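Below is one structure, written out as C-alpha cells; the observations come after it.
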Amino acid sequence: MVSMTGRVLFLGGTGVISAGSVALAARRGWEVTVLNRGQSTVRPVPDGVELISADVREPGAITAAIGDRRFDAVCDFLSFTPDQLTQTLSQVEDRTGQYVFISSASAYQKPTGVLPIREGTPLSNPFWQYSRLKAACERYLFDRSERDGLPITVVRPSHTYDQTMTILGGRHANVRRLLRGDETIIHGDGTTLWTLTHTTDFAKGFVGLLGNASAIGLAVHITSDEWLTWDHIARELARAAGVEARIVHVPSDAISALDKDWGDGLIGDKANCTIFDNSLIKRLVPDFVCTTPFSAGAREIAAYYAEHTEVQAKEDATEAVIAQLLERYRV
C-alpha cells in the first residue's frame, strides 16, 4: 500500500462515522483539522489533531475559522440539505483539491429492486426525507462536477456503528431492553438481511479515498461484506450481554404509526434487504478489508451500555411506544 498524506479538514469529525476516520487519518500521517461546535464528549479528538470550534450553520463561520488555509481534502459530514451544502461549499471549494461529501446508502432505491446494490443503483427513496435530501445534494454536486470541474468524491455509508449505537431502532430504549433480557421489538419477521460496518473498518476505505485521484468524480459506498438477519443481530447483542434474546416481531407500519422517526428509518431503509457490491471501493483502495465482525462489535456495545446507564433523550417516550406495541403483538 502506498499511503497518501497531506492536510485534511473534517467538518464534523466526532460522530459515529467520522471519528474512526479522523483517528486513522492521523495515524497514517495526515495533518488533520477537525471543525465542529466542540460539544462532543463521547468521542474526543485524538492527540495531535487540531480542533477548531465553530458552528458551520452560521454564515461565513468556516471562512472565519480557517482563514486563507488550503487543504488537500475537505470532508463534509455536516451537510444534510442542498441549502446547507451550498453554504458550506461556497466557503471551501476554492481551498481544496478534493471535496468529499458524505451522502447515505439509504438513498438507494427503496424497495430495493436488484441485489447486490451497486453505485449505479438508482437513488430513489420515497419513504425517507433524509435520504431524498442527500440524493438532492448529490445531484447538485455531480452537476457542478460536470459543469465546473469541481473535484468531488461522494461517499455513501450504510449502517456504520460504534459502541454507542442503538443498532436495532427504537433509540436507546430498545437495545437497553435487549441487553437486560426484557422483551425487545424487531421489525417485520426478523429475516431481512442487513449490513453492519464498524467505524474502524469504514475508516480504512474512507481514508484510502483521501487524496486519491482515481476517486475524483465518483460516488462509492463503503460497507462490510457481512450479511446478517435482524434476529441474528439481536441474538448477537443478547449473547454479548449474557442474556437470552426475547424477540417480539412487529410490522414496520405499526411502529411507524406510533413513532414516525423510528418508522421512517425502517420503511425507508432497515426493512429492506441491503447487500452491497463493494468491488469499487476495493478497486480504489486495494487494502480495504473489514476485520471487525458484528460478534466483536456486539461485545463493545454491551460493555458500553453496561457502563453508561444514564437515561438518554426520548428514551422514556420510546419505552411508552414499545409498551403499546408489545401489548398488541406479544404472542
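The values are calculated or read from the model by the stated rules, or taken from the named source; none is laboratory data. From a predicted model like this one, the values you see are computed outputs, not experimental measurements. With ideal geometry, Cβ positions are generated from the backbone for all residues, glycine too; neighbour counts draw on all protein chains shown.
Here is a list of conditions, (1) in contact (Cβ under 8 Å) with a residue 60 or more places away in the chain; (2) over 19 Å from the mean Cα position of the chain (by Cα), and residue 196 meets all of them except one; can you say which number that is?
Here residue 196 clears every test but (2).
Please specify each residue of the range 1-43 satisfying the condition of being of a type in the set (S, T, N, Q) and surrounded by 18 or more Cβ atoms within 10 Å (Cβ to Cβ).
Once the filter is applied, which keeps residues that are of a type in the set (S, T, N, Q) and surrounded by 18 or more Cβ atoms within 10 Å (Cβ to Cβ), the range 1-43 yields 14, 18, 21, 33, 36.
Restricting attention to the range 282-313, and to residues there that are over 26 Å from residue 155 (Cα atoms) and of a type in the set (D, E, K, R), which single residue is surrounded by the most Cβ atoms within 10 Å (Cβ to Cβ)?
299
What residue, of 262, 230, is aromatic (Phe, Trp, Tyr) and either without any contact (Cβ under 8 Å) to a residue 60 or more places away in the chain or touching a strand residue (DSSP E or B) at 6+ places or on another chain (Cβ under 7 Å) (or both)?
Numbers: 262 fails: either without any contact (Cβ under 8 Å) to a residue 60 or more places away in the chain or touching a strand residue (DSSP E or B) at 6+ places or on another chain (Cβ under 7 Å) (or both).
None of the other options fit; the residue is 230.
Which of the numbered conditions does residue 313 fail, given that it passes all the others? Conditions: (1) of a type in the set (A, V, I, L, M); (2) part of a loop (DSSP other than H, G, I, E, B); (3) over 21 Å from the mean Cα position of the chain (by Cα).
(3)
Give just the number: which of (1) at pLDDT 95 or above; (2) outside any helix (DSSP H, G or I); (3) of a type in the set (Asp, Glu) does residue 269 not satisfy?
Residue 269 satisfies all of (1) at pLDDT 95 or above; (2) outside any helix (DSSP H, G or I); (3) of a type in the set (Asp, Glu) except (2).
Cβ contacts < 6 Å: first residue among the acidic types (Asp, Glu), restricted to the range 149-174; second residue assigned to a loop (DSSP other than H, G, I, E, B), any location; separation 6+ or different chain. Result?
Once the first residue is among the acidic types (Asp, Glu) and sits in the range 149-174, its partners that are assigned to a loop (DSSP other than H, G, I, E, B) give 162/16.
Do we have residue 206 as closer than 26 Å to residue 298 by Cα, touching a Pro at 6+ places or on another chain (Cβ under 7 Å), touching a residue at least 40 places away in the same chain (Cβ under 8 Å) and crowded, with 24+ Cβ neighbours inside 10 Å here? Reasoning before the result, please.
Numbers: closer than 26 Å to residue 298 by Cα: yes; touching a Pro at 6+ places or on another chain (Cβ under 7 Å): no; touching a residue at least 40 places away in the same chain (Cβ under 8 Å): yes; crowded, with 24+ Cβ neighbours inside 10 Å: yes.
Answer is no for this residue.
So, in the range 1-38, how many residues would count as being within 19 Å of residue 96 (Cβ to Cβ) and at pLDDT 95 or above?
Residues in the range 1-38 being within 19 Å of residue 96 (Cβ to Cβ) and at pLDDT 95 or above: 22 in total.
Within the range 44-88, which residues are under 23 Å from residue 143 (Cα atoms), buried (at least 21 other Cβ atoms within 10 Å of the Cβ) and without any contact (Cβ under 8 Å) to a residue 40 or more places away in the chain?
Listed by number, the list is empty, since nothing qualifies.
State all residues of the range 57-84 that are out of contact with any strand residue (DSSP E or B) (no Cβ under 6 Å at 6 or more places or on another chain) and closer than 28 Å to residue 165 by Cα; if no residue qualifies, say none.
Residues satisfying the conditions are 57, 79, 80, 81, 82, 84.
Condition first: within 9 Å of residue 230 (Cβ to Cβ), surrounded by 17 or more Cβ atoms within 10 Å (Cβ to Cβ) and out of contact with any Leu (no Cβ under 9 Å at 6 or more places or on another chain). Now tell me which residues in the range 191-203 satisfy that. Give the steps one after another, and end with the answer.
Here is the first cut: in the range 191-203, the residues within 9 Å of residue 230 (Cβ to Cβ) are 191-194.
Then drop every residue that is not surrounded by 17 or more Cβ atoms within 10 Å (Cβ to Cβ), which leaves 192, 194.
Once the filter is applied, which keeps residues that are within 9 Å of residue 230 (Cβ to Cβ), surrounded by 17 or more Cβ atoms within 10 Å (Cβ to Cβ) and out of contact with any Leu (no Cβ under 9 Å at 6 or more places or on another chain), the range 191-203 yields only 192.
Looking at 321, 289, 243 in this structure, which one is in contact (Cβ under 8 Å) with a residue 40 or more places away in the chain and farther than 18 Å from residue 174 by Cβ? Quick ask: steps written out before the conclusion?
Numbers: 321 fails: farther than 18 Å from residue 174 by Cβ; 243 fails: farther than 18 Å from residue 174 by Cβ.
The conditions single out 289.
Do we find a residue being assigned to a strand (DSSP E or B) and under 19 Å from the mean Cα position of the chain (by Cα) anywhere in the range 244-260?
Residues of the range 244-260 that are assigned to a strand (DSSP E or B), as a first pass: 246-250.
Cutting the leftovers down to under 19 Å from the mean Cα position of the chain (by Cα) gives us none.
No; the residues of the range 244-260 include none that is assigned to a strand (DSSP E or B) and under 19 Å from the mean Cα position of the chain (by Cα).
Which condition number does residue 125 fail, the rest of (1) out of contact with any helix residue (DSSP H, G or I) (no Cβ under 8 Å at 6 or more places or on another chain); (2) in contact (Cβ under 8 Å) with a residue 12 or more places away in the chain being met?
(1)
Looking at (1) in contact with a helix residue (DSSP H, G or I) (Cβ under 9 Å, 6 or more places away or on another chain); (2) free of Cβ contacts under 8 Å to residues at least 60 places away in the same chain, which one does residue 255 not meet, given that it meets all the others?
Exception for residue 255: condition (2).
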